[in-house]
1. Step through the residues of segment 118-129 one at a time and calculate ³J(HN,Hα) from phi using the Karplus curve (6.51 cos²θ - 1.76 cosθ + 1.60, θ = phi - 60°), rounding each to whole Hz and writing x for Gly and Pro.
2. Scan [x] 1.44; [y] 1.21; [z] 1.01 for the value of Cα Rg over 2.2 N^0.38 Å calculated from this model and give just the label.
3. List the residues, sorted by chain then number, that are 5 or more residues from residue 84 or on another chain and whose placed amide H is less than 5 Å from its amide H.
4. Residue 72's amide H: which non-local residues (gap 5+, or another chain) put their own amide H closer than 5 Å, with H modeled 1.01 Å from N in plane and none for Pro or chain starts?
5. Given the DSSP H assignment, sum -39500 (n - 2.57) over each helix run of at least 4 residues in the chain and divide by its residue total; what's the result at 222 nm in deg cm²/dmol, nearest 500?
6. Relative to the first principal axis of the alpha-carbon coordinates of the chain, what is the inclination of helix 34-45, with its axis defined by its Cα atoms, in degrees from 0 to 90 and to the nearest 10?
7. What FRET efficiency comes out for the pair residue 111/residue 23, r = Cβ-Cβ distance, R0 = 22 Å, nearest 0.05?
8. Enter the accessible area per residue of the chain (Å², integer; probe 1.4 Å; all protein chains in place).
Amino acid sequence: MIAIGNITFACAEPVRLAEFWAAALGYAPVEVPADVEAAFQAAIERGEVDPTGWAMLVHPDGVGPRLLFQRRPKTPTDSIPIHLDLNADDPEAEVERLVALGATVVESKTQTTAGFTETWTVMRDPEGNGFCVQ
């Protein structure tokens, strides 16, 4: 069996971007065992680990993949080949809420296939990562 462990975002400001996604999705910072926390704190104090160089979020119920944010260069792209699709009960209200958190609207799209019409809004988070709301 195989499963997705993390969805990883390359970004300039991991902690700030994690705060956006925590507010957007209701995810929470990952809690690590005390011994792991102590090891990381010691590495930070020795200057081996930058505490602002990464952040990780988990679903509050512990289901699904973690969201990992790492400070590293992004691969340039003109399109949004891999992205998150967010399903919302009230997509228009959700788009407004996400814009208030710092996201931007790229465009709205509608597609009809076999009589089924789907509408979604393409957005970008504060660092330009693409996602959709439907």
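The values are calculated or read from the model by the stated rules, or taken from the named source; none is laboratory data. For clarity, every value in this text was computed on a predicted model and none was experimentally measured. For neighbour counting, all protein chains shown are included, and Cβ atoms are generated from backbone atoms with ideal geometry for every residue, glycine included. Areas reflect the complete protein model, heavy atoms only, side chains present, ligands, DNA and RNA absent. Shrake-Rupley method; radii C 1.70, N 1.55, O 1.52, S 1.80 Å.
1. 10, 10, 8, 10, 7, 9, 10, 6, x, 9, x, 6
2. For Cα Rg over 2.2 N^0.38 Å, the calculated option is [y].
3. So residue 84 has HN proximity to 132.
4. 11
5. Details: 3 runs with 35 residues, N = 134.
One gets -8000 deg cm²/dmol as the mean residue ellipticity at 222 nm.
6. Taking the Cα atoms of the chain, the angle to 34-45 is about 80 degrees.
7. On the way: r = 29 Å, r/R0 = 1.33.
So, using R0 = 22 Å, E works out to roughly 0.15.
8. For the chain, the per-residue accessible area is 65 Å².
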